Amino acid sequence: MMGASALLVQATTVAAKAYAPYSHFQVGCALLTAQGNLFTGCNVENASYGLTICAERNTIFHAVAEEGPGMKIAELAVVALGLEFPPCGGCRQVIAEFAGPETPIWFLRDGKPVSMTMAELLPASFRL
Ligand code: THU
């Protein structure tokens, strides 16, 4: 474990780098892998709105590119500047692909770190 606060600080720092000229909604994600590596990422929007990628998926895809297909998420934090929320539904499904039911997902509620497990965030996730 890296510590929720450290992970949330990393997510907040990278959120400031978001490319979000359309929504102005800056999101950052930080994840620690089972191997102990830290990855961060932000949302990157596009003039063709549907091509936008969320901070969480951007981070996870980069982690896979670095560690390979065995990459596992030990814990993950998501922060949006000025707003507080857990990961969007689509990203929950992508997190679930690389996480277990007990994997903690950290976000802020009233300025304080809170965590929910993947089982709580996405019960009955789709698996092949
Ligand atoms: N966004 C994320 O990066 N993560 C989420 O979990 C929710 C939404 C981004 C996508 C888009 O750039 C902006 O926030 C508004 O939806």
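Taking interchain pairs and intrachain pairs at least six residues apart, which have beta carbon atoms under 9 angstrom, with the first residue in the stretch 17-28 and farther than 20 Å from Thr40 by Cβ and the second among the hydrophobic types (A, V, I, L, M, F, W, C) and more than 8 Å from the ligand (Cβ to nearest atom)?
Within 9 Å, the pairs are Pro21/Ala47; Tyr22/Ala47.
Can you go through Glu66, Glu84, Glu97 and tell me which one is within 16 Å of the ligand (Cβ to nearest atom) and modelled with pLDDT of 95 or more?
Answer to the check: Glu97.
Please verify whether the stretch 27-35 includes one or more residues that are near the ligand (Cβ under 10 Å from one of its atoms), surrounded by fewer than 18 Cβ atoms within 10 Å (Cβ to Cβ) and farther than 14 Å from Phe107 by Cβ.
Checked against the condition, which is being near the ligand (Cβ under 10 Å from one of its atoms), surrounded by fewer than 18 Cβ atoms within 10 Å (Cβ to Cβ) and farther than 14 Å from Phe107 by Cβ, the stretch 27-35 yields no hits at all.
Only one of (1) modelled with pLDDT of 95 or more; (2) within 11 Å of the chain's Cα centre (by Cα); (3) open to solvent by less than 10 Å² (accessible area, probe 1.4 Å) fails for Met71. Which number is that?
That leaves (2) as the condition not met.
The values are calculated or read from the model by the stated rules, or taken from the named source; none is laboratory data. Please read these numbers as outputs of a predicted model, since none were measured by experiment. So basically every Cβ, Gly included, is an ideal-geometry build from the backbone, and we count neighbours across all protein chains shown. Keep in mind that these areas ignore ligands, DNA and RNA; they rest on the heavy atoms of the full protein, side chains included. Shrake-Rupley method; radii C 1.70, N 1.55, O 1.52, S 1.80 Å.
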